[in-house]
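Shown next, in C-alpha cells, is the structure this report addresses.
The values are calculated or read from the model by the stated rules, or taken from the named source; none is laboratory data. The structure presented is a predicted model; accordingly, all values stated were derived computationally and were not measured. In this analysis, Cβ positions are derived from the backbone assuming ideal geometry, glycine residues included, and neighbour counts consider all displayed protein chains. Side chains included, ligands, DNA and RNA excluded: accessible areas come from the protein's heavy atoms. Shrake-Rupley method; radii C 1.70, N 1.55, O 1.52, S 1.80 Å.
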Amino acid sequence: MKVYLDNNATTRIAPEVLDAMLPFLTEKFGNPSSFHSFGSDLMEEIEAAREKVAALLGAHAGEIVFTSGGTESDNMALTCSASINPLKPGLVTSTIEHPAVLETAECIRSRGHPVGLSEVNHDGTLNMDSFISLITEQTGLVSIMMANNETGVIMPVEETARIAHERGALFHTDAVQAAGKIPIDVRSSGIDMLSISAHKLHGPKGAGALFIREGIDLPPFMLGGHQENGLRAGTYNTAGIIGLGVAASLAAEHLLEEKGRTGLLLGRLEAGILEKCPGAIIVSAGARRLPNTATVLFRGVESEAVMTLLDIEGICVSSGSACSTGEETSSYVLAAMGIGADDANTALRFSLSRYTTGREIDCVLEVLPPIINKLRKISPYANR
Amino acid sequence: MNPRNSGQLLNPDCHSEVGSVQCGDAMTLDIQVDDEDRIAEIRFMTFGCAGAIAASSAMTEIAKGKTLEEALTISNDQIVAFLGGMPEEKYHCSVMGQEALELAVADFRHRRDNTAEHLNSILREIPASLAAALSEGSIDIEHIHPARVSVRLEGVDEEAVIAVLEEELQNRTGKKVKVMVIR
C-alpha cells in the first residue's frame with residue numbers, strides 16, 4: 001500500500017483536473033494569442049479559468065496574472081514591487097518564508113535596498129515586536145506567508161497587512177500552502193498581492209497565479225509578447241491554466257468539508273504518534289495551524305533514517321534536512337524558532353490532502369512506531 | 001534494516017564517541033579485546049541516516065576477529081564493498097566508523113599504558129605487603145591488558161602475590177585488574 005503524506009511538497013492531480021486539461025494537450029493545441037479562431041477561441045477558456053482562480057480568493061478576474069507557479073509569483077511580487085516607488089524600495093518579510101521569497105529578498109538587498117527579516121516566536125508564530133520594529137519609511141512592501149510549509153502555522157495576515165498599510169507599504173502574502181486549505185478573502189484581509197501554485201492544490205505542476213489588487217501598477221516581469229497585459233510575457237500554458245482553474249474550483253467546493261475531515265485525520269495521526277512513539281513532540285502544537293500539516297520531532301532518532309525505512313514500506317513523508325554532503329543542513333524554519341540542530345535533525349513532516357484516507361493514517365501508526373523504537377535502540381542519544 | 005553488532009558492552013576494554021547530534025551524525029563504539037590483541041566483541045550505537053547505520057554495522061563486522069593493528073587498516077572502500085556499494089553522496093557516512101575505530105584503539109592503548117605504568121611502579125618500589133609475599137622469589141610480566149595482567153611467578157606464595165597485586169592495582173587504577181599466572 002502506497003501512503004502519500006507529503007502533500008506540502010506536491011499533490012496528486014485531481015481526475016477532474018486531468019480530464020479538463022487533456023483536450024488542451026491534444027486537439028485544442030492552438031495559441032490563445034493567435035488571430036484565427038482555432039487559437040483565439042481558447043482565450044475564452046483562459047478567462048474562464050481566471051474567473052475560477054479569482055473566485056477561490058475573493059478577487060476579480062482582472063486581478064489574476066497567470067505564472068509558472070508559486071516561485072515565479074513570489075519573484076514577481078517582490079522584484080516588481082521594489083521598483084514601483086524609488087523612495088520606498090525596502091522590503092520586510094520573515095525568517096521562515098519559502099526560499100522563493102528569501103532568495104528574492106537577498107537579491108533585493110544586494111541591490112542596496114533595505115530588507116528586514118522579522119523573527120518568529122518559539123511556537124513558530126510571527127514575533128510582532130520584531131516585525132513592527134523593522135518597518136521604516138523606506139519599506140514599500142511587506143511579505144508575510146499565509147501559512148508556513150513546515151510547521152503549518154497560520155500567520156497573522158490581516159494584522160500584518162493593516163500595519164503595512166498604516167505605514168504606507170503594500171502587502172503581499174505567499175499563500176501557496178494555505179490556498180485550498182483555509183478560506184481566503186483578499187478584500188477583507190487587506191491583501192494587495194497573493195501567490196498561489198496549482199500543484200499544491202491537486203492541479204498540474206508548472207502553473208500558478210499572482211493576485212494583484214486593482215490599482216496596483218507593477219512594471220513588467222517577463223519581457224516579450226503582450227500576454228497578461230504585458231506584465232508577464234510568454235505563450236499561455238493553456239493546459240496548465242485550465243488545470244489551475246479546475247483545481248481552484250474544486251478546492252473552493254471542498255474547502256469547508258475538507259478542513260474538518262483532514263483536521264480530524266491529522267488529529268488522529270498526532271494522537272497516535274504521541275501515544276506510540278516515546279520522545280515524540282509535535283512542533284507548534286499550541287499554535288493555530290493548517291488542518292493538514294504536522295511536523296514531529298522524534299528525539300534521539302535521525303529523520304533521514306526514519307524516512308528511508310518508511311520509504312521501504314511505501315510511506316512518503318519529508319524532513320527539513322538532508323544528509324547528502326556530510327554537512328547536515330537542518331531546517332532554517334525550525335532553527336528560527338529556536339529549535340536546536342540536535343532536535344531539528346529528528347524532524348519529520350506529515351502533510352495530508354483531500355485524498356488522504358483513514359487507512360493511510362492507520363498504516364502509518366502501525367509501521368512508524370516499530371521503526372522509531374528500533375532506531376532508538378541503536379541511538380546513542382535516545383535517553384539523553 | 002537489521003544492523004549487526006548494535007548496542008553497548010557492559011564492561012568494554014575501550015570506548016569511543018565521534019560526531020555530534022548537532023551535526024546530524026554521531027556514533028559510539030565499545031570493544032572487548034582478547035589477550036592476542038584481537039577484537040573479541042564490538043558494539044556500536046549510531047545516530048544518523050540509514051547509510052551511516054549500515055556503514056557502522058559493516059565496519060564492526062569487518063573488524064570482528066581482527067587484531068587492533070589490522071583493524072586500523074580497514075578502509076572506506078572495504079566498508080562500501082562489504083555493503084555491496086553505496087551512493088557516492090553517502091561515502092562520507094563510512095568515514096565515521098573508521099574514525100570511531102581509531103579513537104577506540106587509541107583509548108585501548110591509553111588504558112593499557114595506564115595499567116602498565118601502575119604495575120611497573122609497584123614492581124619498582126615494591127610495597128611492604130608485596131615484599132612479604134614475594135619473599136626470595138621472582139615476578140615477570142608476560143602480557144598487559146587494561147583489565148588483566150599475565151605474570152610468571154617463581155618461588156613465591158602465588159595466592160598471596162595475586163591478592164596483593166590485585167589490591168594495589170585496584171587502589172592505583174581505580175578499576176578491577178585481574179592478575180593471571182602463567183605456568
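Expressed in nm to one decimal, what extension gain is obtained for the pair A:Ser133 and A:Ala9 from 0.36 nm per residue of sequence separation less their Cα-Cα distance?
41.4 nm
What's the FRET efficiency of B:Ala163 with B:Gln22 using the Cβ-Cβ distance as r and R₀ = 60 Å, to the nearest 0.05? Mind dumping the intermediate values first?
On the way: r = 49 Å, r/R0 = 0.81.
The value I calculate is 0.80.
Per residue, how many Å² of accessible area does segment A:97-153 show with a 1.4 Å probe?
That works out to 40 Å² per residue.
Ignoring any ligand, DNA or RNA, what whole percent of the accessible area of chain A comes from carbon and sulfur when the probe is 1.4 angstrom? Don't jump to the answer; show the numbers that get you there.
Values: 8270 of 15250 Å².
The nonpolar share, carbon plus sulfur, comes to 54 percent.
How many nm separate the modelled label positions at A:Arg109 and A:Ser33, each set 7 Å beyond the Cα in the direction of the Cβ?
Distance between label points: 3.6 nm.
7 Å from Cα along Cα→Cβ at both B:Ile141 and B:Glu154: what's the point-to-point distance in nm?
So the two model labels end up 1.9 nm from each other.
Name the trypsin sites (Lys or Arg not before Pro) in segment B:1-80 that are in a loop by DSSP and that have at most 14 other C-beta atoms within 10 Å, would you? Each step should come with its number before you reach the end.
On the way: sites: B:Arg4, B:Arg38, B:Arg43, B:Lys64, B:Lys66; in loops: B:Arg4, B:Lys64, B:Lys66.
Sparse-neighbourhood loop trypsin sites (Lys or Arg not before Pro): B:Arg4.
So which residues of segment B:1-42 lose at least 40 Å² of accessible area, probe 1.4 Å, when you go from the chain by itself to every protein chain present?
The answer is B:Met1, B:Val21, B:Gln22 - residues whose exposure falls by at least 40 Å² when every protein chain is included.
Pull up the DSSP beta bridges for the protein assembly as shown and report the antiparallel fraction as a percent, rounded to 5. Present the calculation step by step, with values, prior to reporting the outcome.
Details: 45 of 68 bridges.
Antiparallel bridges make up about 65 percent of those DSSP assigns within the protein assembly as shown.
Once the principal axes of the Cα atoms of segment A:15-250 are found, what is the range along each, listed largest first in whole angstroms?
For segment A:15-250, the Cα spread along each principal axis is 56, 35, 28 Å.
Select from segment A:286-317 all residues whose loss of accessible area on going from the chain by itself to the full protein assembly reaches 50 Å² or more (probe 1.4 Å).
A:Glu302
Tell me which residues come under 5 Å, amide H to amide H, from B:Val149 once H is placed; ignore anything under 5 positions away on its chain.
Under 5 Å from the amide H of B:Val149 lie the amide H atoms of B:Lys178, B:Val179, B:Met180, each far enough along the sequence or on another chain.
Using a Förster radius of 60 Å, what is the FRET efficiency between A:Met222 and A:Glu366 based on their Cβ-Cβ separation? Nearest 0.05, please. Please report the intermediate quantities before stating the final value.
Working: r = 49 Å, r/R0 = 0.81.
After rounding, the FRET efficiency stands at 0.80.
What is the interface area between chains B and A, defined as buried accessible area summed over both chains with a 1.4 Å probe, reported in Å² to the nearest 100? Each step should come with its number before you reach the end.
Details: alone 9690 and 16200 Å², together 24050 Å².
Buried: approximately 1800 Å² between A and B.
Carbon and sulfur: what percent of chain B's accessible surface (1.4 Å probe)?
Details: 4050 of 8790 Å².
About 46 percent, which is the carbon plus sulfur part of the accessible surface.
Angle between the Cα long axis of helix A:358-377 and the longest principal axis of chain A, 0 to 90 degrees, nearest 10?
50
Pick out, in residue order, every one of the GluC sites (Glu not before Pro) in segment A:1-92 that is DSSP loop and has at most 15 other C-beta atoms within 10 Å; say none if there are none. Don't jump to the answer; show the numbers that get you there.
Numbers: sites: A:Glu16, A:Glu27, A:Glu44, A:Glu45, A:Glu47, A:Glu51, A:Glu63, A:Glu72; in loops: A:Glu27.
Passing sites in segment A:1-92 are A:Glu27.
Between helix A:157-166 and chain A, what is the angle of the helix's C-alpha long axis to the longest principal axis, kept within 0 to 90° and rounded to the nearest 10?
With rounding to tens, the tilt is 50 degrees.
Averaged across B:49-55, how many Cβ atoms of other chains sit within 10 Å of each residue's Cβ atom?
On the way: counts 13, 11, 4, 4, 7, 2, 0.
That average works out to 6.
Please report the equivalent ellipsoid semi-axes of segment A:338-384, computed as sqrt(5 x eigenvalue) of the Cα gyration tensor, largest first, in whole Å.
Working: eigenvalues 134, 54, 5 Å².
Sorted largest first and rounded, they come to 26, 16, 5 Å.
Using the per-residue mean of other Cβ atoms lying within 10 Å as a proxy for protection, in what order, highest first, do the peptides A:238-249, A:268-279 fall?
Values: A:238-249: 27.4, A:268-279: 16.6.
Going from most to least packed, we get A:238-249, A:268-279.
Mind checking the angle between helix A:42-57 and chain A's longest principal axis? C-alpha axes, 0 to 90 degrees, to the nearest 10.
Orientation of helix A:42-57: about 50 degrees from the principal axis.
With runs of 4+ DSSP H residues as the only contributors, calculate the mean residue ellipticity of chain A at 222 nm using -39,500 (n - 2.57) per run, divided by the residue total and rounded to the nearest 500.
Numbers: 13 runs with 155 residues, N = 384.
Here the helix-only value at 222 nm equals -12500 deg cm²/dmol.
Which order do A:Glu253, B:Glu61, A:Glu150 take when ranked by solvent-accessible area (1.4 Å probe, heavy atoms of all protein chains), largest first? Don't skip to the end; give the middle numbers.
Working: A:Glu253 130, B:Glu61 55, A:Glu150 30 Å².
The ranking, largest first, comes out as A:Glu253, B:Glu61, A:Glu150.
By the gyration tensor of its Cα atoms, with a ≥ b ≥ c the square roots of the eigenvalues, what is the shape of the protein assembly as shown: rounded for a/c under 1.5, prolate for a/b over b/c, or oblate? Walk me through the numbers on the way to the answer.
Working: a/c = 3.26, a/b = 2.68, b/c = 1.21.
Prolate, because a/c is 1.5 or more and a/b exceeds b/c.
Filter the chymotrypsin sites (Phe, Trp or Tyr not before Pro) in segment A:1-57 to those in DSSP coil with at most 11 other Cβ atoms within 10 Å of their Cβ, and list the result.
Values: sites: A:Tyr4, A:Phe24, A:Phe29, A:Phe35, A:Phe38; in loops: A:Phe29, A:Phe35.
Here the sparse-neighbourhood loop sites are A:Phe35.
Given only helices, namely DSSP H runs of n ≥ 4 each adding -39500 (n - 2.57), what is the per-residue ellipticity at 222 nm of chain B, to the nearest 500 deg cm²/dmol?
Details: 6 runs with 82 residues, N = 183.
The per-residue figure over chain B is -14500 deg cm²/dmol.
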